[in-house]
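Visitor: Quick one: the structure is below, and I'll ask about it shortly.
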Amino acid sequence: LLATSPRYSHFLFGILCGWILARVTYFLSTSGSLYLETSGWISGTNRSGNPQSPVVNMTESVRVLCWVMTTPANHREKVIHIKATWGPRCNKLLIMSSVADPDIDSIALPVGEGRENLWNKTREAYRYIYEHHLEEYDWFFKADDDTYVVVENLRFFLYPYSPELPIYFGSKFRYPQYVKQGYFSGGAGYVLSREAVRRFYEQALQDEENCSATFDAEDLQMGRCMEIVNVTAGDSRDDFGRKRFLPFDPSAHLAYSDTEDLGYWYNEYSYYKPFSGKNCCSDLAISFHYITGNNMRMMDYLIYELHAWGSHYRHPSLPSTKTPEEARIVAEPYPLNTMRPKAESSTHTPTTETTEDAISSIKP
């Protein structure tokens, strides 16, 4: 009698409808958010920290111009792979070379080729950007032609920072005899705010006494010039101290042991303690270096196309805007004597050979 009661039937139907609605809501909260995030939109807190904010169009909220430093010999060997993978995810992609190649839309800068011209190529690239694109974009990322970039992670990291702050980010190295606040590896790439580019062009390039046009170590000299015009070398590590900009390919960071060779140049030049193994890199890593053309396509597949059935990565909410004071908070470098035998001095003077290893490694 109870089973055939209309009231009981309605009760069971209500439970069934509630269960279906709960499952649909859960599906939309997972699959739906994944779609929004991979298509350039993401939900989370807005810049005021309001957790009820609508989804944010990250592509427009964090406008990134990427420029790639290359040489004519690498146009077809490397650059075409960048244009087929991560390059188009930037708001604007510029290929900076010494030859205008219509096949890759490269820009011919008025500089020669060779390692000795890397610094002047960088100077001219930012001169071009200042004169043609400064107000169109918020952040300006420099990459080598063997750098792979996860542009979505770059935007996520930059979101809380104002592009009007004089700041830049990358994989921080130390060379206190020349740059007190550290400098960023050229191979891992570094990103300048709009204000940093403005100061570089309007102040640093006009001061060749302190920002030399003849120095050929591109990334080290950029660090010196940024320091001279009071642009902060920011801290880009995640909450666990893991790096987001990586100067080697993933396998090197995963397999390398920081205790096998205590005198290895990376241990001594890294501003912050390097980690290896599964803890080597942030799970929201931004860039890797020494990625060949074919491996760029493999990275693209592994990141964007391959999925493990049943797993879902829960993305963190967008962080609140950082104040200028918060943005400029930079941790001190880790002491070298934590990585070196006690019998050795913790004050190490890098040699010419290790200096050459630590500067940008793009091949002429």
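Just so it is clear, none of the values below were taken in a lab; they were calculated from the coordinates. Note that the coordinates shown come from a computational prediction; the quantities given were computed from them, not determined experimentally. Glycine also receives a Cβ, built like all others from the backbone with ideal geometry; neighbour counts cover every protein chain displayed.
Visitor: May I ask for the percentage of alpha-carbon pairs in the range 168-308 that lie more than 27 Å from each other?
Guide: On the way: 2747 of 9870 pairs.
Here the long-distance tail beyond 27 Å is 28 percent of all Cα pairs in the range 168-308.
Visitor: Could you name the lysines whose alpha carbon sits less than 26 Å from that of Lys273, not counting residues in the same chain fewer than 8 places away?
Guide: Those lysines meeting the cut-off are Lys142, Lys172, Lys180, Lys243, Lys322, Lys342.
Visitor: Something else about it: Report, in debye and to the nearest 20, how large the dipole of the range 55-307 comes out about its Cα centre when Lys and Arg carry +1 and Asp and Glu carry -1 on their Cβ. Working shown, then result.
Guide: Numbers: 26 positive and 37 negative charges, 85 e Å.
Rounded to the nearest 20 debye, it is 420 debye.
Visitor: Beyond 22 Å, what share of the Cα-Cα pairs of the range 78-211 is found? Please give it as a whole percent.
Guide: Values: 3451 of 8911 pairs.
Everything past 22 Å amounts to 39 percent.
Visitor: Give a residue-ordered list of calculated ³J(HN,Hα) values for the range 55-70 (Karplus: 6.51 cos²θ - 1.76 cosθ + 1.60, θ = phi - 60°; whole Hz; x for Gly, Pro).
Guide: 4, 10, 7, 5, 4, 8, 6, 10, 7, 10, 9, 10, 10, 10, 8, 9
Visitor: Restricting to the range 55-307, compute how many DSSP beta bridges are antiparallel as a %, nearest 5. Mind showing how you got there, number by number?
Guide: Details: 13 of 31 bridges.
So the antiparallel bridges amount to about 40 percent of the total.
Visitor: Compute for the range 55-307: radius of gyration divided by Kirkwood radius, i.e. Rg/Rh, restricted to C-alpha atoms, rounded to two decimals. Numbers along the way, then the final one.
Guide: Details: Rg = 17.2 Å, Rh = 18.3 Å.
Across the range 55-307, the Cα-based Rg/Rh ratio is 0.94.
Visitor: List, in order, the whole-Hz ³J(HN,Hα) value for each residue of the range 174-184 obtained from phi through the Karplus relation with A = 6.51, B = -1.76, C = 1.60 and θ = phi - 60°; use x for Gly and Pro.
Guide: Couplings: 10, 7, x, 5, 10, 9, 5, 8, x, 9, 10 Hz.
Visitor: If you take every residue apart from Asp238 with its C-beta less than 9 Å away from the C-beta of Asp238, what net charge results, scoring Lys and Arg +1 and Asp and Glu -1?
Guide: On the way: positive: Arg237, Arg242, Lys243, Arg244; negative: Asp239, Asp283.
That works out to +2.
Visitor: Hey, another quick one. With unit charges on the beta carbons (Lys and Arg positive, Asp and Glu negative) and the dipole taken about the Cα centre of the range 55-307, which residue among Leu192, Pro176, Ser162 sits farthest to the positive side?
Guide: The one lying farthest along the dipole's positive direction is Ser162.
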